[in-house]
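So the structure is just underneath, and the comments pick up after that.
The values are calculated or read from the model by the stated rules, or taken from the named source; none is laboratory data. Keep in mind that what you see is a predicted model, and the values were worked out from it rather than measured. Glycine also receives a Cβ, built like all others from the backbone with ideal geometry; neighbour counts cover every protein chain displayed. To get the accessible areas, we keep the full protein, side chains included, count just its heavy atoms, and leave off ligands, DNA and RNA. Shrake-Rupley method; radii C 1.70, N 1.55, O 1.52, S 1.80 Å.
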Amino acid sequence: MRLCLLVFPFALLAQDTTGAGSLAGTVVEEGSNTPMKARVCVAGPNRCADAGADGAFRLPDLRSGIYVIEIASDGRSPLKREGIEVRAGLEARVEVLLPRLESQRQEVTVTESVFIAPEEIKSSGFLVTRQEVSKSAGSLQDVSRYIQTLPGVAIGSSDFRNDIIVRGGSPLENLYIIDNIEIPNINAFANFASAGGTVSLLDSELIQDVTFLTGGYPAPYINRTSSVLQVAQREGDREKFHGRATVGFAGGGTILEGPIKKGKGSWVVSARRSFLDFFTDDVGFGGVPILYTFNAKALYDLTPRDRVWAVSVSGTDNIRLGAREEVRADDEEVNNLDIRYDGWRTANGFNWQRLLGNSAVGLLGITHSDAKVGSQVKDLVRNGPRPPGVPLDRILVRAPIIYSDDSREGETTLKYDLTAQTSMLSKMQAGGSYKIFNVRYNTQSPLGTLSPFTTMRDINPFDLRRNFRAYQGSAYSQFTRGLTRRLNVTLGGRIDNYNYLSASRFSPRAGVSFRITDKLSWRASYGQYFQQPFFLFLSAFPQNRGLIPFRADHYVTGLTYVATPTFRITLEAYAKRYKDYPVSTQFPQLSLANVGDTFSVRDILFPMTSAGRGRVKGVELFAEKKFTNKWFGQANLAWLRSRQAGLDAVLRPSVYDYPRIANFVGGYRLNAKWEFSSRVSYLAGRPFTPFRDDVSRQQSRGIFDLTRVNAERLPDYLRVDIRADRTFTVRDRPLLVFIGVQNAFNRRNVAGIGWNRATNSLQQGEQLGLFPLIGMDWRF
């Protein structure tokens, strides 16, 4: 007898904050599909589960890894098979097909399903794999850029940024978790008042799985009001040392990995550097970015029940952009400035996972993240147009400094998560965390800003020089229980104390799923979510200390249809209600909910109060085909309506109100050497506020028409990306070479409508034009 394993490529979507996985399924007789009683065991931890009269079994709280399973049934010899994979935070549902006793072919088939719904994640959850991020056209090996293709997610104001706009919310509202480390920002060229950047610090080749939650997520997650992006990085090779060299959009680098102490653990490191500065000193905006990144993970099994791992994600970057030596007719407003930026950020964590008996697992984590930003902005046309014939160096010496920053933020977290299987509550989760923030601000805007909301010049100057420490404690509990074979509920809540704001908030969470048929299920979830405004917003002006955590209530319901183990269709409707959002006290129409996807920090720092409200609602249709032998693809349509109100309480279209969003991503493997992928992204026009032409010309700068805030829309956005991969063999090792084109039809998508002070006229900003790509990946 032998055990035959037929698997589909991915485990099903689930989530567990202790980093453990599970194996569940049913045992049936092949041919008749009659449920069979059996004993299913996992070697190593020596864990077993009995399949009863209904054939169902479940082995919870397994560490990630490759296991040997043994299946024994009455009248049959036990069968063993290697190669059963369990992944961190994922539950694999399988069907075990036992052959008839009289069958000549005495082997067991184990099939793994992909899209069976998890217990505690009831709605709005997506699983993304490393292959999808690293090989899809348009993603640029950046997890955030791939996420932009999922239902209800949109790009921000520029193709050059990787902000995530989720269901009409601000990019400031997203939570990032890497191997149990909460990271304020996973991107390079970022500042303390944003959550996006230009490119991710994460090497996509180190990604194991990405879980993305866009609404109604349960209690274990610390509060963010739009989404959770959780990345599990893969282990290194436990058998042998090897490496690979890579070249791509993010630069060139090397990945090395190998075993620790005869396979009891492993390590993997990645180091990359951008290389555009080797070829040019200006990529079109007056400079060229320089970026170094370092990722590492080491894992070790102390005992069969104890596992520890350490993770590091770091990067350092600098850029100069803006003014050029020669003034051009197509210069944009940014070319009227001289912007110098340098920074670094690092996040490091240590985790200890322990299996507690046969029905519980605990995870202790200690993490520290630190970031420093230095920048200086000079305004070359503040006192009039640039004089012709004067060298740029002389102009820069005379230009006033309008913004400078030399600041640092650090965050240390101690957290513990527990998951236990109990007879009364089925699955119980509980935990807590304590955060210490160390902040040092040295930020100045000595001349204030030229706000387009008023004809008054130089408003809101500030000189922020302050060091302080703040704390945040939290705790949560949650249980998930199947009330019947078809009905499952999740109930929980969390409490967070915001020391800096002298505020505490309780957040209830609830979810329900009902299996209508074996393929069709109904799901719904609800949750309250609170978020503290970023420390830079709280510190810039004295009155901002009076801000309170803003709130978003999520309501989600929908249907999931699993047509085959690799193909599913979902239809979801949702609503979000915002309350206590920070809004401007000077300009009644301005809400912080309408800013965030920008490099211009000084333009989004202003006196605020917690009086904003908002309403978002939408419908999303999603179809996904996971990769099997030849092709994969996903397509989605979203309709949404996003409204935000400032101090005047008038609900207007937010700047992230994209009424229609459509995406398609697909790939096809022609043979072992050739693969092709494509991406199509469409967004209905983004709202914008028109300028008052006469007043703007008098002021020599843009002045908004405040009677028409976000009353007009940009043209619709459409972009097509393509990519081709070719695999060669060099010294008996695979060499992957890929070529691609972003915006293959060179469509002139509009980024925004601005006012160019140098020409004293309206100017249309453009998105990325046709942009060729080439890269390689060689394993050695």
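Descriptive notes on the structure:
- Count - residues of the stretch 57-77 that are more than 30 Å from N351 (Cα to Cα), open to solvent by less than 40 Å² (accessible area, probe 1.4 Å) and in a strand (DSSP E or B): 2
- For the stretch 252-279, the set of residues classified as open to solvent by less than 50 Å² (accessible area, probe 1.4 Å) and either of a type in the set (F, W, Y) or not in a strand (DSSP E or B) (or both) consists of G263, S274, D277, listed by residue number.
- Residues that are within 25 Å of the chain's Cα centre (by Cα), among the small types (G, A, S) and modelled with pLDDT of 95 or more occur in the stretch 477-489; there is at least one.
- Single condition S451 does not satisfy, out of (1) open to solvent by less than 20 Å² (accessible area, probe 1.4 Å); (2) touching a Ser or Thr at 6+ places or on another chain (Cβ under 9 Å); (3) not charged (D, E, K, R): (2)
- Applying the condition of being open to solvent by 30 Å² or more (accessible area, probe 1.4 Å), of a type in the set (D, E, K, R) and assigned to a strand (DSSP E or B) to the stretch 331-358 and asking which residue is farthest from S407 (Cα to Cα) yields R354.
- Any pair with Cβ under 9 angstrom, 6 or more apart, that starts in the stretch 735-747 at a residue that is under 8 Å from L773 (Cα atoms) and free of Cβ contacts under 8 Å to residues at least 40 places away in the same chain and ends at one that is open to solvent by 30 Å² or more (accessible area, probe 1.4 Å) and part of a loop (DSSP other than H, G, I, E, B): V741/L770
- Number of positions in the stretch 129-168 that are within 30 Å of R486 (Cβ to Cβ) and modelled with pLDDT under 90: 2
- Given (1) assigned to a strand (DSSP E or B); (2) surrounded by fewer than 20 Cβ atoms within 10 Å (Cβ to Cβ); (3) among the charged types (D, E, K, R), index of the condition K576 fails: (2)
- Taking the listed residues R320, R408, R328, the one that is open to solvent by 70 Å² or more (accessible area, probe 1.4 Å), touching a residue at least 24 places away in the same chain (Cβ under 8 Å) and among the charged types (D, E, K, R) is R408, with no other qualifying.
- Subset of the stretch 123-167 (residues that are open to solvent by 10 Å² or more (accessible area, probe 1.4 Å) and among the hydrophobic types (A, V, I, L, M, F, W, C)): F126, L127, L140, I155, F160
- Among the residues of the stretch 486-515, the one identified as free of Cβ contacts under 8 Å to residues at least 12 places away in the same chain and either acidic (D, E) or in a loop (DSSP other than H, G, I, E, B) (or both) is S502.
- In the stretch 579-622, residue most open to solvent (accessible area, probe 1.4 Å) [restricted to those that are of a type in the set (D, E) and at pLDDT 95 or above]: D580
- Note on the stretch 623-668: among residues that are buried (at least 22 other Cβ atoms within 10 Å of the Cβ), within 24 Å of the chain's Cα centre (by Cα) and in a strand (DSSP E or B), the one that is modelled with the lowest pLDDT is F632.
- Residues (among the aliphatic types (A, V, I, L, M) and either open to solvent by less than 30 Å² (accessible area, probe 1.4 Å) or within 24 Å of the chain's Cα centre (by Cα) (or both)) located in the stretch 287-304: V288, I290, L291, A296, A298, L299
- When residues in the stretch 707-730 are screened for being in contact (Cβ under 8 Å) with a residue 12 or more places away in the chain and not in a strand (DSSP E or B), 7 of them pass.
- Subset of the stretch 425-443 [in contact with a Leu (Cβ under 7 Å, 6 or more places away or on another chain) and over 30 Å from V361 (Cα atoms)]: Y441, T443
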